[in-house]
Each structure stands twice: as C-alpha cells, then as structure tokens.
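Report on the following structure.
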Amino acid sequence: GKCGGYESDIAAGMLWAAGIAVPGAAANPTPAKVLNLSLGGSGTCSALYTDIVGQVNARGAVIVASAGNGTGLAVSEPANCEGVIGVAGLRHAGSKVGYSDIGPEVSISAPAGNCVNTGSTEPCLYPILTTSNSGAFNPVAGAGGAIYTDAFNATLGTSFSAPLVAGTAALMLSVR
C-alpha cells in the first residue's frame, strides 16, 4: 500500500511475477524476467527474502531494488540481499545524492532527483518528473486521481532510480 504493506504480500508478489505458484492466486501466464522493487526495509537480508530471491533467480528472473533513502546509511533490505541488483541514487551532476544509502551491496546507480538550494516555497531544481496518483492513502480512481509531478510537487528517491535500471535491464534482455 501507499503507506506500507506486509512482507508476505511482497514475497507472494515476487513469486507470482516470476511465474512461481502462489496459493489462492491464478497462475501467471506471462512471467516477468525483471522485477522492480522500489521499496525497502531495514537490517540485513532476512531469511524470507533470501528464500524468495533464490527462487526467483532460479527461474531466471532479475531483481532490481532501491538502496534506500537513509542519508548514507547501510543499504536497505531487499537491495542488500545476494542476487539482487541494489541501486543507489545520483544527483543531477552524476555524483551520489546525499540522501541515498550506500554500501558494497550497491551494484549500480541511477538518477534519483535532487532538490538543492530551495526554501520551503521555492521550486525543486532537479526533481524526477513522472506521473502519480493524488490519493493520500488509497488511489483516487479515474482521471481525477492522475497527476504529474513537477518542481512544486517533487518526487525524489532511490525508488525512482531502481525502475530506470530495471527498464534498462528489460531492454537489454529483449535484444537477446
């Protein structure tokens, strides 16, 4: 959900996306080759994620995950799990953005947005421009919920870096 979720749901989603049976869910007829996880927890890689990542990797799928936005702290779970491509965030100039987590688990970095030299009423200078939904806790249905982010409604973070890497990996796989 927008404000959090259960690890069991994430695990079931990862399995289902990779074409692995999930009790109570219909079989996935078109398994993914690349999974993007723009999310993170804290601590070392848990036994749950170690197991799920192993199963997904065994199916030949690539997992890409956000390193985290803890201002230079250790890479968050699941990006710190073996078999996952951990993605840190870059600022507009190409160096690591200050809020991105970092560590040996980072495989690659990608743009994450950077609001520098801004006050509370000034625009963000380098946001990630994307689409979103205006709902605070649940999505607002239809066109009324669709919004674009901009310098005043800014989006930032390694959750935006990871899909750039996942998309690139998917394009690379499609060439094969």
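The values are calculated or read from the model by the stated rules, or taken from the named source; none is laboratory data. Since the model is a prediction, treat every value here as computed from it, not as a measurement. Ideal geometry is used to build each Cβ from the backbone, glycine not excepted, and the neighbour counts take in all protein chains shown. With ligands, DNA and RNA removed, areas are computed over all heavy atoms of the protein, side chains included. Shrake-Rupley method; radii C 1.70, N 1.55, O 1.52, S 1.80 Å.
On inspection, Leu129 qualifies as within 17 Å of the chain's Cα centre (by Cα), modelled with pLDDT under 95, at negative phi and not polar (S, T, N, Q). Among the listed residues Ala32, Ala17, identify the single one that is aliphatic (A, V, I, L, M) and open to solvent by less than 30 Å² (accessible area, probe 1.4 Å). Residue meeting the stated conditions: Ala17. Among the candidates Val140, Val106, the residue that is of a type in the set (Val, Ile, Thr) and either in contact with a Ser or Thr (Cβ under 6 Å, 6 or more places away or on another chain) or on the phi > 0 side of the Ramachandran plot (or both) is uniquely Val140.
Taking only pairs six or more apart or across chains, which ones have beta-carbon atoms under 9 Å, a first residue in the stretch 24-42 that is touching a residue at least 12 places away in the same chain (Cβ under 8 Å) and of a type in the set (Val, Ile, Thr), and a second residue that is in a loop (DSSP other than H, G, I, E, B) and surrounded by fewer than 19 Cβ atoms within 10 Å (Cβ to Cβ)? Close Cβ pairs (under 9 Å, with a partner that is in a loop (DSSP other than H, G, I, E, B) and surrounded by fewer than 19 Cβ atoms within 10 Å (Cβ to Cβ)) do not exist here. Considering only residues in the stretch 105-122 that are part of a strand (DSSP E or B) and polar (S, T, N, Q), the one that is farthest from Ala154 (Cα to Cα) turns out to be Ser107.
In the stretch 132-159, the residue that is farthest from the chain's Cα centre (by Cα) out of those that are surrounded by 14 or more Cβ atoms within 10 Å (Cβ to Cβ) and not in a loop (DSSP other than H, G, I, E, B) is Ile147.
Which residue, of Ala88, Ala79, Ala162, Ala166, is open to solvent by less than 50 Å² (accessible area, probe 1.4 Å) and either in contact with a Cys (Cβ under 7 Å, 6 or more places away or on another chain) or assigned to a strand (DSSP E or B) (or both)?
Ala88
Restricting Gly60, Gly72, Gly54 to those that are at pLDDT 95 or above, assigned to a loop (DSSP other than H, G, I, E, B), surrounded by fewer than 20 Cβ atoms within 10 Å (Cβ to Cβ) and over 15 Å from the mean Cα position of the chain (by Cα) reduces the list to Gly60. Determine whether the stretch 37-52 contains at least one residue that is closer than 19 Å to Tyr99 by Cβ, in contact with a Gly (Cβ under 7 Å, 6 or more places away or on another chain) and among the small types (Gly, Ala, Ser). There is at least one residue in the stretch 37-52 that is closer than 19 Å to Tyr99 by Cβ, in contact with a Gly (Cβ under 7 Å, 6 or more places away or on another chain) and among the small types (Gly, Ala, Ser). In the stretch 35-51, the qualifying residues are those that are open to solvent by 10 Å² or more (accessible area, probe 1.4 Å) and part of a helix (DSSP H, G or I), and the one that is farthest from Leu171 (Cα to Cα) is Ala47. Is it the case that Ile102 is among the hydrophobic types (A, V, I, L, M, F, W, C) and either more than 24 Å from Gly167 (Cα to Cα) or touching a helix residue (DSSP H, G or I) at 6+ places or on another chain (Cβ under 9 Å) (or both)? Against the criterion (among the hydrophobic types (A, V, I, L, M, F, W, C) and either more than 24 Å from Gly167 (Cα to Cα) or touching a helix residue (DSSP H, G or I) at 6+ places or on another chain (Cβ under 9 Å) (or both)), Ile102 does not qualify.
Please determine whether any residue of the stretch 94-113 is of a type outside the set (Gly, Ala, Ser), within 17 Å of the chain's Cα centre (by Cα), crowded, with 20+ Cβ neighbours inside 10 Å and under 28 Å from Ser134 (Cβ atoms). Taking every residue of the stretch 94-113 in turn, at least one turns out to be of a type outside the set (Gly, Ala, Ser), within 17 Å of the chain's Cα centre (by Cα), crowded, with 20+ Cβ neighbours inside 10 Å and under 28 Å from Ser134 (Cβ atoms).
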